[in-house]
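The values are calculated or read from the model by the stated rules, or taken from the named source; none is laboratory data. This structure is a prediction, so every number in the text was calculated from the model and none was measured. Cβ: placed from backbone, ideal geometry, glycine included. Neighbour counts: every protein chain shown. What goes into the accessible areas is simple: the full protein's heavy atoms, side chains included, and nothing from ligands, DNA or RNA. Shrake-Rupley method; radii C 1.70, N 1.55, O 1.52, S 1.80 Å.
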Amino acid sequence: MLHLIKKDLVMHKLAWFTFLAMLIFFMLFDKNQIFVIALMSAVVMTNAFYYEEDINGHKLWNALPYTRNEIVSARYSSLLIVFFVIATAVIMVGLVLKNEWELGLLQEVIGSLIVLFLAGAVCFPLFFWFGQKNTMFMLFVIYIFLVIGGTYAFYYLYRYMNQSLLPSINLSGSWLFVIASLMALCMYLFSWRLSVKIYQTKEIL
Amino acid sequence: MDILISNHSKEAIYNQIKYQIKEKVFSGELKEGDTLPSMRQLARDLHVSVITTKRAYEELEKEGFIYSIVGKGSFIAEQNPEVIKEKKLTTIEEKLIEVIANSKELGLSLPEIKEWMTILYEEE
Amino acid sequence: MENVIELKNIYKSYKNFQIEDLSLQVKKGFVTGFIGANGAGKSTVMKLMMNLIRPDSGEVKMFGMDYSKHEKEIKKRIGFVFDDDILYKELTLHDMKKLIAPCYKQWQDSLFREYCDRLELPLNQKMNTFSKGMKMKASLVMALSHQPDLLIMDEPTAGLDPIVRRQFIELLQDVMLDEEKTIFLSTHIISDLAPIADFITFINSGEIVFSKALHEIEEKYAIVRGSLELLDRDTEQYFLSIKRTDVGFEALTSDYQQIKEVFQDEVIVEKANLEEIMYYSKGGQGNVAFD
């Protein structure tokens with residue numbers, strides 16, 4: 001299965017230069033880290049999904065000695081790896097460009113993970129279910145929109161909670177993060193199971 | 001060992017292979033104990049299917065011309081001159097019966113066939 | 001004889017096509033040609049064998065194993081060539097190899113290079129510049145380099161020039177030198193099969209019409225031509241399919257000897273080739289009743 005993940009991420013060597021360029025561009029324009037990490041990870045995942053549809057990769061990888069469980073699981077694992085790579089890159093670039101460790105960076109990183117988990121939980125099963133050359137584009141639009149919308153929603157929700165809600169119920173911000181992360185993780189794991197189920201009955205034509 | 005087959009002959013390919021190996025036994029080119037190419041090797045070299053050479057070898061084995069040892073290959077069997085003669089006579093009889101049947105289809109009479117045979121026999 | 005592939009009582013239905021109660025076996029150590037018109041169900045059956053689709057009911061056994069439990073073991077032993085190219089277009093053959101090779105433990109790089117040399121395949125040229133013949137050769141090399149026990153190929157020779165076709169067949173014959181190897185390939189260009197096929201399986205409208213040794217077909221099937229007066233309710237039974245024209249009839253039989261005995265010299269009897277057998281069974285479906 002490691003090979004499946006590697007294939008999704010490493011095969012697009014040239015694409016990674018584009019990703020890096022995008023990353024630096026966003027950071028120069030002083031976007032929020034949460035936005036940059038979530039969007040970049042989503043773009044990498046979209047690329048992996050798109051490429052497979054484009055060359056009829058389902059047929060190839062299903063004919064090779066892999067189970068469908070592995071093919072689906074590789075995608076879900078890829079997101080985690082992509083996230084870690086990009087989050088690290090953002091932190092590093094941030095340190096180099098701004099030469100300072102911003103407070104709240106950890107919250108931003110975890111925030112982007114929560115957004116990625118939720119958007120992935122909703123969209124990945126759809127990719128595996130309806131994924132075809134002609135429907136894929138619409139699904140990608142939905143996915144990217146969810147990620148972008150999600151980051152803003154998260155940002156404002158977080159600010160609202162910190163300023164008005166949390167002080168009144170006497171709960172600290174970090175607890176909220178833990179709970180939200182766990183819930184997002186559960187959703188993601190549930191979606192993972194669902195995608196395996198969906199993909200197992202899929203007709204590879 | 002040369003085996004030459006024709007794809008356009010009326011004779012089935014396995015029969016062509018069979019006859020040619022038999023001929024080589026009769027002529028002494030192949031002797032007792034000689035190794036034959038493996039079925040698969042022969043199939044590849046002649047560009048025919050494995051089952052074709054398999055059938056040729058199986059029939060040769062049944063008729064006592066060759067024997068096979070699993071894992072070692074096929075070899076020319078010991079040939080008893082009396083048996084060979086007997087076999088040849090049987091073959092001639094079969095062919096003659098075929099000639100007669102075909103002649104009857106065309107309405108050739110016995111004297112006509114005999115005459116034809118005589119001419120051909122003397123020409124050879 | 002041992003079966004490498006065994007399909008038992010397969011049912012599979014689509015909107016406008018169905019397979020009902022299909023069973024078929026592929027024997028180990030031989031080349032089986034899978035023939036049938038376009039849309040007869042060849043690809044569907046091959047996808048069932050590759051577990052790309054699943055039957056509604058019935059059993060698919062590969063090497064005596066089930067896909068539900070032994071998917072990886074089975075697929076490790078299979079090499080495949082599909083009719084549509086599934087190679088990554090922007091990759092070179094060398095990159096493609098780096099992608100496929102790690103999927104198999106038994107991959108032999110020396111074998112891969114040997115095949116590439118022999119088929120004159122450039123390693124550092126992108127796939128999208130490959131001709132149709134080169135793509136097919138590349139697929140074949142990919143399929144063979146892990147030394148599979150079973151080679152499954154869907155229309156591998158479609159659209160190839162005669163030279164490539166010849167190279168292709170010679171390569172397959174080399175593979176068949178090993179009696180542990182089995183090849184199952186579909187085609188509608190029958191002449192491709194003549195030199196190598198041991199068995200022929202014929203599918204028509206989702207049904208297996210017959211599955212026989214090639215020489216058995218050549219010996220038994222015949223085209224019969226004669227005058228219309230010879231046909232009546234009794235004599236018609238000797239034929240699988242009959243075509244009537246103003247100048248006589250033309251029919252297909254699967255019992256050459258019987259026709260010779262029944263009609264003697266009143267008809268012309270000629271050996272039927274696979275194309276004729278396919279044509280007649282397609283054209284006169286109402287009349288076809290193969291054994």
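Just a few scattered comments:
- Test result for B:ILE97, open to solvent by less than 90 Å² (accessible area, probe 1.4 Å) and either assigned to a helix (DSSP H, G or I) or closer than 30 Å to C:LEU177 by Cα (or both): no
- Every condition in (1) part of a strand (DSSP E or B); (2) within 30 Å of C:ILE163 (Cα to Cα); (3) away from every other protein chain (no Cβ under 14 Å) holds for C:LEU185 except the one numbered (3).
Results for (1) in a helix (DSSP H, G or I); (2) open to solvent by 40 Å² or more (accessible area, probe 1.4 Å), shown as yes or no for each residue.
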residue: A:LEU14; (1), (2): yes, yes
residue: A:PRO65; (1), (2): no, no
residue: A:LEU80; (1), (2): yes, yes
residue: A:VAL90; (1), (2): yes, no
residue: A:LEU106; (1), (2): yes, yes
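- If you go through segment C:253-270 and keep only what is closer than 17 Å to B:LYS104 by Cβ and assigned to a strand (DSSP E or B), you end up with just C:VAL269.
- Every residue from segment B:13-36 that is touching an Asp or Glu at 6+ places or on another chain (Cβ under 7 Å) and assigned to a loop (DSSP other than H, G, I, E, B): B:GLU32
- Some residue of segment B:32-52 being open to solvent by less than 30 Å² (accessible area, probe 1.4 Å), among the β-branched types (Val, Ile, Thr) and closer than 16 Å to B:PHE75 by Cα: no
- Counting the residues of segment B:100-117 that are among the hydroxyl-bearing types (Ser, Thr, Tyr) and assigned to a helix (DSSP H, G or I) gives 1.
- Of the residues making up segment C:19-35, not a single one is out of contact with any strand residue (DSSP E or B) (no Cβ under 7 Å at 6 or more places or on another chain), open to solvent by 50 Å² or more (accessible area, probe 1.4 Å) and farther than 27 Å from C:ASP174 by Cβ.
- Identity of the residue in segment A:39-63, within 14 Å of chain C (Cβ to nearest Cβ) and aromatic (Phe, Trp, Tyr), that ends up least open to solvent (accessible area, probe 1.4 Å): A:TRP61
- Candidates C:GLY226, C:GLY206, C:GLY248, filtered to the one that is more than 30 Å from C:VAL26 (Cβ to Cβ), of a type in the set (Gly, Ala, Ser) and either buried (at least 21 other Cβ atoms within 10 Å of the Cβ) or touching a Phe, Trp or Tyr at 6+ places or on another chain (Cβ under 7 Å) (or both): C:GLY226
- Restricted to segment C:80-104, and to residues there that are more than 9 Å from chain A (Cβ to nearest Cβ) and farther than 16 Å from C:LYS135 by Cβ, the residue that is modelled with the lowest pLDDT is C:LYS98.
- Test: residue in segment B:53-66 that is within 11 Å of chain C (Cβ to nearest Cβ), open to solvent by 40 Å² or more (accessible area, probe 1.4 Å), modelled with pLDDT of 90 or more and out of contact with any Leu (no Cβ under 7 Å at 6 or more places or on another chain): yes
- Residues of segment B:70-94 that turn out to be of a type outside the set (S, T, N, Q) and open to solvent by less than 80 Å² (accessible area, probe 1.4 Å), as a count: 7
- Of all residues in segment C:212-226, at least one satisfies being within 14 Å of another protein chain (Cβ to nearest Cβ), over 28 Å from C:THR44 (Cα atoms) and of a type in the set (D, E, K, R).
- Restricted to helices (runs of 4 or more DSSP H) entirely inside segment C:44-139, those with at least 3 residues that are out of contact with any helix residue (DSSP H, G or I) (no Cβ under 6 Å at 6 or more places or on another chain) and loosely packed, with under 14 Cβ neighbours inside 10 Å are C:67-76, C:109-118.
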